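Read through the structure below, which is laid out as structure tokens, and then see the notes.
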Amino acid sequence: MDSPNLLSFLSEDLLTRIHFFLSGDDLKSFRATCKTFHRVDSLRRTHLRILRPEFLPRLLSNFPCIISLDLSGCPRIDDGAVAVLLRCGSVPFWCGRLRRLVLSRSCGLGFYGLESLVKACPFLEAVDVSYCCTFGDLEAAAISCGGNLRDLRIDKCLGVTDVGLAKIAVGCQNLEKLSLKWCFEISDLGIDLLSKKCLNLKLLDISYLKVTREALRSISRMEKLEVLAMVGCGLVDDEGLRCLRNGCPLLKVLDISRCDKLRSSSILQVIKAHNGLLELHASYTFSEVHVTPFCHMKYTLKTLNVDGARIAPSSFQIISTSCNFLVEIGLGKCKGVTDKGILQLLSGCINLKIINLTCCSDITDLAITGIAESCQNLVCLKLECCNLLTEKSLYSLGSFSCLLEELDLTDCSGINDVGLSYLSNCSKLLCLKLGLCTDISDKGLSYIASYCSKIRELDLYRCSGVGDDGLAALSISCKKLKKLNLSYCNRVTDRGIECLGHLDVLSDLELRGLLNITGEGLIGLVAGCKRLTEVDLKWCENIDDTGFWALAHYSRNLQQINLSNCAISDVGLCMVMGNLTRLQDAKLVNLINVSINGFELALRASCVRLKKVKLLASLRFLLSHEIVEMLGTRGCRIRWD
């Protein structure tokens, strides 16, 4: 007699409790176990990201508790698809539950589709229409129908003007978060009306807008504003910034990065008026930092970023004394950063978790040892182009920084295999960047692979000593690796690439300039890595059509691909562009084996989903006007190289 299945003794209530503690890949495994587990997942799932719109109606009916819907991966969705989804007038049950809707890059949606969606979902609180190149004032009017909206992102919607913003401000007066980044047509006038109508705004992002001091004067009237981002607002001057001293009493985060008309002295009055300021971002704004303002922020400031500035030797001691509770500091490309300065900083700022010392070329092992010993909670350390560092720095990090998750050692010429053996003690590493570290080899990489099994992102750009054995070690131990850069690692051959096929969750892979891999290696890779979304094969000249056919067959999740300077033919390109139904971004420069007719057929096969394509400039005059116009009409941006 067969023994009963142990799973049958688990009640649905118990399974629901188990489901509550799962996330990521564990959730995927849970719902794939059996029909009972899948049903429990269906009843508890609240977020859904769609990649193929034809399955949307069925999925929405299978997941009755969905409150967040992401359609950013469906460039083909348009007003007609929305009409079908809403069943020609009758409102489906899921509309009453929906709280968050992501339509980023959905360029096919117009006024009627957006208006129908917003009106059908009366409890909608968050909408993201960022990077919709066809989104303008008319579409903004459709969004304004969402009277309950709390969070709205319209980043880089270049067609939105003050008129569209006015419609949103009048119709969505309950807004608490609004991002207008790169909406170049919005001016002081639109911001002024916004400040009068949306009195509950807590977060406002006006980065890269052509606004002046008048916009800051209007913003100062927002009494509930907590976060203000104004990156790259080059027309705002000191007088404009000083407008904030008498307003925005609840301001906690201020980002004035790349506002090149501001002086460091102008921030003093703002800081004095806002004792609760937690984060100050001023990267590439000041040529020289005056640290006097920080004396007023002893017990509040948690984050300070002054990348690109010149810092006086005395400044480090003042920051150390005045900002004892700093958790993050950004000193990337700052002049005047030395070992002595870092050690002075550490004497008071022992709670630092994130430190950026990119291109601080004067620091040595002494500073890194001080950081490792003093900052026991260090999570992220960026040391790109710090060429005086040796394996001694990695010994200190491996000995004391047991919580380290992200480390950038790009172009640190003193890093070698011995150093990586020390670093392998940081078993919680998630992201490691070793690009241009030419003294590391398979031996050093095997140390990382063996003891840092949680790693998810690894950059080995131009690591000429890394070859097949190192990749074999990665494929055995680092099963959670999602992003890998092997560009110009010339010792890598088909054997190493085939080993990567064992990394089931690998999604982003750069193989640029690998001349020793062929179609055979690519077949072994894509047959195993079914979750690839981005692949760069530029200058992989020895991959033939057999490899590209396999890519077209297995890699159905691909969204971005670079085939420039490859030996692909007309047939291979048509297979890739036609079969990859989720492809949105393709770089197709210098494909010498592809004819004009081949380009025409490939672009026709993919025009309904492409958002960006890069082509050789000479093709502008050789491709038919019809195909170029068709791509433009469907929202695809062509970059002529």
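The values are calculated or read from the model by the stated rules, or taken from the named source; none is laboratory data. All of these numbers come straight from a predicted model, not from anything done at the bench. Using ideal geometry, Cβ is built from the backbone for each residue, glycine included, and neighbour counts are taken over all protein chains shown. Quick note on the areas: whole protein, heavy atoms, side chains included, nothing else; ligands and nucleic acids left out. Shrake-Rupley method; radii C 1.70, N 1.55, O 1.52, S 1.80 Å.
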**OP:** Loop sites only, by DSSP: take the chymotrypsin sites (Phe, Trp or Tyr not before Pro) in the chain that have at most 11 other C-beta atoms within 10 Å and name the longest stretch containing none of them.
**Re:** 300-641
Original post:
Which one of THR303, LEU59, HIS625 has its Cα pushed farthest toward the positive end of the charge dipole of the chain, where Lys and Arg give +1 and Asp and Glu give -1 at the Cβ?
Top reply: LEU59
**OP:** Run the quick spin-label model on ASN387 and VAL628: label points 7 Å from Cα toward the beta carbon, then report their separation in nm to one decimal.
**Re:** 4.5 nm
**OP:** For the chain, with all protein chains present and a 1.4 Å probe, just round the carbon and sulfur fraction of the accessible area to a whole percent.
**Re:** 52 percent
Subject >> Where Rh is the Kirkwood radius over Cα pairs, Rg/Rh for the chain >> reply: 0.98
Original post:
Taking every pair of alpha-carbon atoms in the range 433-566, what share in percent sits in each 5 Å bin, from 0 to the bin with the longest distance?
Top reply: 2, 12, 23, 28, 20, 10, 4, 0
Original post:
Counting every Cα pair in the range 585-641, what percent are over 14 Å apart?
Top reply: 47 percent
**OP:** On the full set of protein chains, 1.4 Å probe, figure out the accessible area of THR390 and give it in Å² to the nearest 10.
**Re:** 40 Å²
**OP:** Rounding to the nearest 20 debye, state how big the charge dipole of the chain is about its Cα centre with +1 on each Lys and Arg Cβ and -1 on each Asp and Glu Cβ.
**Re:** 1700 debye
Original post:
What full-extension length gain, to one decimal in nm, is calculated for SER265 and TYR112 as 0.36 nm per residue of separation minus the Cα-Cα distance?
Top reply: 50.1 nm
Original post:
Nearest 0.05, what FRET efficiency do ALA83 and ASN246 give at R0 = 41 Å with Cβ-Cβ as r?
Top reply: 0.25
Subject >> Compactness of the range 261-391, expressed as Rg and Dmax over alpha-carbon positions, Å >> reply: 13.8, 46
**OP:** Please work out how much accessible surface HIS625 shows to a 1.4 Å probe, ignoring ligands, DNA and RNA, in Å² rounded to 10.
**Re:** 140 Å²
Subject >> VAL227, VAL270, ranked by accessible area, largest first (probe 1.4 Å) >> reply: VAL227, VAL270
**OP:** Quick one: dipole size for the range 231-274, taken about the Cα centre, charges +1 on Lys/Arg Cβ and -1 on Asp/Glu Cβ, in debye to the nearest 20.
**Re:** 160 debye
Original post:
R0 = 56 Å: FRET efficiency of ARG39 with GLU223, Cβ-based, nearest 0.05?
Top reply: 0.70
Original post:
So how many Å³ per residue does the convex hull of the Cα atoms of the range 162-312 work out to?
Top reply: 86 Å³
Original post:
Taking Cα centroids, how far is the range 513-549 from the range 147-195 in Å?
Top reply: 44 Å
Subject >> Order of exposure, largest accessible area first, which applies to GLU125, GLU223 with probe 1.4 Å >> reply: GLU223, GLU125
**OP:** Extending each Cα 7 Å along its Cβ direction at ASP26 and SER68, get the distance between those two points in nm, one decimal.
**Re:** 1.8 nm
**OP:** Determine Rg/Rh for the range 412-464; Rg is computed over alpha-carbon atoms and Rh is the Kirkwood hydrodynamic estimate from the same atoms.
**Re:** 0.92
Original post:
Which whole-number percentage describes the relative contact order of the chain, with Cα contacts under 8 Å and a sequence gap of 6 or more?
Top reply: 5 percent
**OP:** Mind grabbing the accessible area of MET575 for me, 1.4 Å probe, Å², rounded to tens?
**Re:** 70 Å²
**OP:** Calculate how large, on average over all directions, the projected area of the Cα convex hull of the range 474-632 is; give the answer in nm² to one decimal.
**Re:** 8.1 nm²
**OP:** With a probe of 1.4 Å, find how much accessible area the range 103-260 has per residue, and write the answer as a whole number in Å².
**Re:** 38 Å²
Subject >> Solvent-free Debye scattering, log10 I(q)/I(0), computed from the Cα coordinates of the range 30-111 at q = 0.16, 0.24 Å⁻¹ >> reply: -0.63, -1.25
Original post:
Cα gyration tensor of the range 331-441, axes a ≥ b ≥ c as square roots of the eigenvalues: rounded (a/c below 1.5), prolate (a/b > b/c) or oblate?
Top reply: oblate
**OP:** Mark the label point 7 Å from the Cα of SER287 along Cα→Cβ and return the residues of the range 299-320 whose backbone N is within less than 16 Å of it.
**Re:** 308-312
Original post:
Using a ≥ b ≥ c from the Cα gyration tensor of the range 74-232 (square roots of the eigenvalues), is it rounded, prolate or oblate, where a/c under 1.5 gives rounded and otherwise the larger of a/b and b/c decides, a/b for prolate?
Top reply: prolate
